[in-house]
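A short worksheet on the structure shown next.
The values are calculated or read from the model by the stated rules, or taken from the named source; none is laboratory data. On a predicted model such as this, the values are computed, not experimentally measured, just so you know. Methodologically, a virtual Cβ is constructed for each residue, glycine included, from the backbone with ideal geometry; neighbour enumeration extends over all protein chains shown. Only protein heavy atoms, including side chains, enter the accessible area calculation; ligands, DNA and RNA are left aside. Shrake-Rupley method; radii C 1.70, N 1.55, O 1.52, S 1.80 Å.
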Number of protein chains: 2
Amino acid sequence: MSKKIRIKDVAAAAGVSSALVSYVLNARHVDRINKDTAKKITEIAKDLGYYPNQIAKSLKTRKTYTIGLMLGDIVNPFSHQIARIIEDEAKCYDYAVIAGSCDEDHERSKKLMETFVNRQVDGFIIVAASDTENQLAYLEELDIPFVLIDRYFPEKNFDYIVIDNYQAAYTAVSHLIEKGYQKIALVNYETSLAHLKDRTLGYTQAIADSGRMHDEASICSLSMQDNPQETKNKIAQFIKNKNYDAIFAATNTLGIETLKQFNQLHIRVPDDAAFVCFDETDAVDLFYAKLTHIRQPMQAIGNLAVQRLIHKINHVYEPEPPYQVVLKSEFVINESSG
Amino acid sequence: MSKKIRIKDVAAAAGVSSALVSYVLNARHVDRINKDTAKKITEIAKDLGYYPNQIAKSLKTRKTYTIGLMLGDIVNPFSHQIARIIEDEAKCYDYAVIAGSCDEDHERSKKLMETFVNRQVDGFIIVAASDTENQLAYLEELDIPFVLIDRYFPEKNFDYIVIDNYQAAYTAVSHLIEKGYQKIALVNYETSLAHLKDRTLGYTQAIADSGRMHDEASICSLSMQDNPQETKNKIAQFIKNKNYDAIFAATNTLGIETLKQFNQLHIRVPDDAAFVCFDETDAVDLFYAKLTHIRQPMQAIGNLAVQRLIHKINHVYEPEPPYQVVLKSEFVINESSG
DNA sequence: CTGAAAGCGCTTACAG
DNA sequence: CTGAAAGCGCTTACAG
């Protein structure tokens, strides 16, 4: 075993103090350190294979260079797409990301947050579960910076980066109307989460603007608390009634589940029913009829979230107006709504 | 802001020493601490909302309760399925998981490993990129425990948990043969990675055992170094030649890409070509013909990896014979090979 | 049964 | 230009 090298070892080998080694390696006070000494230290550190112990460093500097990423549900394609982007972007600033999923559960969300707080993450990027405003307020009390993505709380002044969900849904449904579909159904969660409410609103408004009557029977409402089997059953039930000629699925997982049921029941897209859903997943090209979908600007969401968070980390005690960004999404028309 | 409470604050409030608080909260020497004092300390700690600073704790105990998870490619469904399982299992032992992707790249793998080492992870679970044996040897030198999953190095004594890839491929191809398909093609990566070689071997052996001649033209070889577009093009090229009546895709991503090309070129499964692939992904139910596939025991792989790793962490200096587990996979027959 | 003190490996004012 | 020393918030022999 090659024992782990400490700063002390480097200092001894170079015949200087630990302080100097620390200065050189962190490029502090470069102006007033002897060039040759600096060079010697750098070389010796390299020869010995010295890497600073981040734990010790963190204890002293009170910075861990770690971001806690709280996801709603890790199996959701949105989650790992965004996780990947956030990790890459964070790496550019020498931050690591530690991610966890709260599975849309209030309690799990709280536990996860506590775990990350104890691990001294410098800040959070959060896809918030429903009714977790008080957890976020707790973070504010602790002066731990965070930024929300995907979901937001309209009543609060938290920073967020989201898309215009109302507009996205409105566009999608208007497209189906233009295409001549008569009975357009919505599959969505019934929840207090504003972004999903917005999607429902976009749907109902587009229907209303087309001069049609709103029909409760056209909405398939799921609960986020249901287990996968219950969700599946409810969707299957709804599909079987065949009270629609087009379906707008308000989330990617709901969309995929709907398509699976279509397959099961031999309902052909778009002949028997047109289909539009959220997010660009593998399903888009994999389904026999390429899927019309709403494409979120994932890269922008991830990058902005990281940049804003790091800015806040570096200016913790300088209050600023809330940073609330609403990005545009893209509507991609394919065969499934042909 | 409610200032963060330290152990000192609790000690002061309780009128005892920090040492005692530490003992009580960590349940050390419970036998020789006054019950009432202990109770008082516990209550006060709770009232003040005390949580130990994990960084300080780690510095002293040299344990971070963190596992570094190195993935081959985070967008691969295998990766996040297994990541999820590992996170959940690790949580049972109060370990957190910090994950990263090396994108099948040697250099990125090295950087990632160094980052995790500096962050003092207690151990690694690794889906190894090709030719990274020396990186693993480095970990051994540092006495940092690790266990490989999914992939292994037959020449080395590293711990691993994998499936019998040869057998899985052999079974899949034999099934196609029994079904009467005449020209069975393989889509796989050309690589030094043993688990993928095993899959090719299982394929060629099954073909040979059926008394057929091996035909080089039946193998579509990809390179892991190719970018997605190149991979796509090569598969498209291969598909277009139509020199097959069945395809066995040796990885899930290759399988999904193949199916996308089938759609593009209006090749119907299983009428124009039968199809079998690795892994249970959303694609299985989403494709119009339910996919025949090899189902890996993900839960077992993840759980065993975590359990073995934690065992090693707790017994670092007690050498044991290598722990090399080969699990069985399940072959699930569906319509795509009907 | 309990406390004073050292130490984990760094960083950083301060003194010279 | 450089070093001695304090301190981050814990844990843990050791002494009593």
Subject >> Packing-based order for B:271-282, B:15-26, B:311-322, using average beta carbon neighbours within 10 Å, highest first >> reply: B:271-282, B:15-26, B:311-322
Subject >> Whole-angstrom gap from the range B:149-184 to the range A:32-93, using each part's C-alpha centre >> reply: 39
Original post:
What value, in deg cm²/dmol to 500, does the helix sum -39500 (n - 2.57) over DSSP H runs of n ≥ 4 give at 222 nm once divided by the residues of chain B?
Top reply: -14000 deg cm²/dmol
**OP:** Using Cα positions and a limit of under 28 Å, work out the lysines in reach of residue B:242, with same-chain residues fewer than 8 apart set aside.
**Re:** A:290, B:179, B:183, B:197, B:232, B:234, B:260, B:290
Original post:
Considering only DSSP beta bridges with both partners in chain A, what is the antiparallel share in %, to the nearest 5?
Top reply: 10
Original post:
Counting only other chains, what is the mean number of Cβ atoms within 10 angstrom of the Cβ of each residue in peptide B:284-293?
Top reply: 4
Original post:
Considering amide H positions built from the backbone, and no H for Pro or chain starts, which residues 5 or more places from residue A:331, or on another chain, come under 5 Å of its amide H?
Top reply: A:295
Subject >> Estimated FRET transfer efficiency (residue A:213, residue A:233; beta-carbon r; R0 22 Å; 0.05) >> reply: 0.20
Subject >> Förster radius 45 Å - calculated FRET efficiency between residue B:39 and residue B:318 (Cβ-Cβ, nearest 0.05) >> reply: 0.75
Subject >> the range A:201-267, accessible area per residue, ligands and nucleic acids excluded (1.4 Å, Å²) >> reply: 47
Original post:
Mean shadow of the range B:7-52, computed from the convex hull of its alpha carbons, in nm²?
Top reply: 2.7
Subject >> Shielding by partners - mean other protein chain Cβ count within 10 Å, residues of A:54-61 >> reply: 6
Original post:
Inter-copy label distances at residue A:31, 7 Å along the Cα→beta-carbon direction, one decimal in nm, shortest first?
Top reply: 6.3
Original post:
Residues of the range B:7-52: accessible area per residue at 1.4 Å, in Å²?
Top reply: 67
**OP:** Could you work out the mean count of beta carbons from other protein chains within 10 Å of each residue's beta carbon in A:73-79?
**Re:** 3
**OP:** Multiply the residue separation of residue A:225 and residue A:17 by 0.36 nm, subtract the distance between their alpha-carbon atoms, and state the gained length in nm to one decimal.
**Re:** 69.0 nm
Original post:
Between copies, how close do the residue A:12 label points come, placed 7 Å along Cα→Cβ, listed in nm from shortest?
Top reply: 3.7
Original post:
So how far apart, in nm, are the two label points at residue B:167 and residue A:307 if each is 7 Å from Cα heading toward Cβ?
Top reply: 5.3
**OP:** Quick one: Debye curve from the alpha-carbon atoms of the range B:245-315 only, equal weights, vacuum; give me log10 I(q)/I(0) at q = 0.21, 0.23, 0.26 Å⁻¹ to two decimals.
**Re:** -0.83, -0.95, -1.14
**OP:** Give the long-range amide H neighbours of residue A:247: residues separated by 5 or more places, or on another chain, with amide H under 5 Å away, using H modelled in the peptide plane at 1.01 Å from N.
**Re:** A:185, A:274, A:275, A:276
**OP:** Quick one: work out the % antiparallel among DSSP beta bridges in the protein assembly as shown, nearest 5.
**Re:** 10
Original post:
With each label point set 7 Å from Cα along the Cα-Cβ vector, what nm distance links residue A:143 and residue A:94?
Top reply: 2.3
Original post:
With contacts defined as alpha carbon pairs under 8 Å and 6 or more residues apart, what's the relative contact order of chain A in percent?
Top reply: 16
Original post:
Considering amide H positions built from the backbone, and no H for Pro or chain starts, which residues 5 or more places from residue A:101, or on another chain, come under 5 Å of its amide H?
Top reply: A:71
**OP:** With a 1.4 Å probe on protein heavy atoms only, work out how much accessible surface B and A bury together, total over both chains, in Å² to the nearest 100.
**Re:** 4600
**OP:** Give the nm distances, rounded to one decimal, from residue A:322 to the matching residue in every other copy, measuring between label points 7 Å along Cα toward the beta carbon; shortest first.
**Re:** 5.7
